[in-house]
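**Q** Have a look at this one.
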Amino acid sequence: MKHTPFLGWDHYAQLEADRVNAATEARHPEWLGLPKSRPQAVDQGKKVYFTGQPCKHGHVTPRGMRKGCLGCYIQRHGLSDAL
Ligand SMILES: [Zn+2]
């Protein structure tokens with residue numbers, strides 16, 4: 001596993017709070033059952049993960065290993081009702 005610098009417990013608590021808020025606001029509580037990061041998804045053999053942090057286009061949606069941000073994917077393919 002790749003080593004990531006430790007940024008302090010407050011930082012991680014904030015990330016977790018953002019993640020819970022984002023899933024709740026999107027009305028997708030099931031997103032919280034996804035891995036929290038790409039390395040975690042790799043560990044668990046999952047194809048999708050949810051960080052709770054916005055992508056560079058501002059979507060707070062799950063991300064796929066291959067397809068990237070789900071919000072971007074939906075926009076790119078004109079699937080506006082998919083979420
Ligand atoms: Zn996006």
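**Q** Kindly list, by first and then second residue, each pair from a residue in the stretch 34-58 that is more than 22 Å from Thr24 (Cβ to Cβ) to a residue that is open to solvent by less than 40 Å² (accessible area, probe 1.4 Å), limited to pairs with Cβ atoms under 8 Å and residues at least 6 apart or on different chains.
**A** Hits for this filter: Arg38/Tyr49; Asp43/Pro35; Gln44/Pro35; Lys47/Ala41; Lys47/Gly64.
**Q** For residues that are exposed (fewer than 10 other Cβ atoms within 10 Å of the Cβ) and modelled with pLDDT of 95 or more, tally how many sit in the stretch 1-24.
**A** Residues in the stretch 1-24 being exposed (fewer than 10 other Cβ atoms within 10 Å of the Cβ) and modelled with pLDDT of 95 or more: 0 in total.
**Q** Just the residues that are away from the ligand (no atom under 13 Å from the Cβ) and of a type outside the set (A, V, I, L, M), please, taken from the stretch 40-51. Break it down stepwise before answering.
**A** First pass over the stretch 40-51, keeping only residues away from the ligand (no atom under 13 Å from the Cβ): 40-49.
The answer is Gln40, Asp43, Gln44, Gly45, Lys46, Lys47, Tyr49.
**Q** OK, next. Restricting to the stretch 53-82, give me the number of residues that are within 17 Å of Ala23 (Cβ to Cβ), near the ligand (Cβ under 9 Å from one of its atoms) and not in a loop (DSSP other than H, G, I, E, B). Talk me through it step by step, then tell me what you get.
**A** Narrowing the stretch 53-82 to residues within 17 Å of Ala23 (Cβ to Cβ): 53-55, 58-64, 69-71, 74, 82.
Retained after the next criterion (residues that are near the ligand (Cβ under 9 Å from one of its atoms)): 54-55, 58-61, 63, 69-71, 74.
The next check asks that each one be not in a loop (DSSP other than H, G, I, E, B); those that pass are 63, 69-71, 74.
Final tally of qualifying residues: 5.
**Q** If you don't mind, there's one more thing I want to ask. Would you mention how many residues in the stretch 1-54 are among the acidic types (Asp, Glu) and over 16 Å from Leu70 (Cβ atoms)? Quick ask: steps written out before the conclusion?
**A** Taking the stretch 1-54 and keeping what is among the acidic types (Asp, Glu), we get 10, 16, 18, 25, 30, 43.
Adding the requirement that they be over 16 Å from Leu70 (Cβ atoms) leaves 10, 16, 18, 43.
Final tally of qualifying residues: 4.
The values are calculated or read from the model by the stated rules, or taken from the named source; none is laboratory data. Bear in mind that the values here come from a model prediction, so they are computed numbers and not experimental data. Positions of Cβ are backbone-derived with ideal geometry, glycine not excepted, and every protein chain shown enters the neighbour counts. Quick note on the areas: whole protein, heavy atoms, side chains included, nothing else; ligands and nucleic acids left out. Shrake-Rupley method; radii C 1.70, N 1.55, O 1.52, S 1.80 Å.
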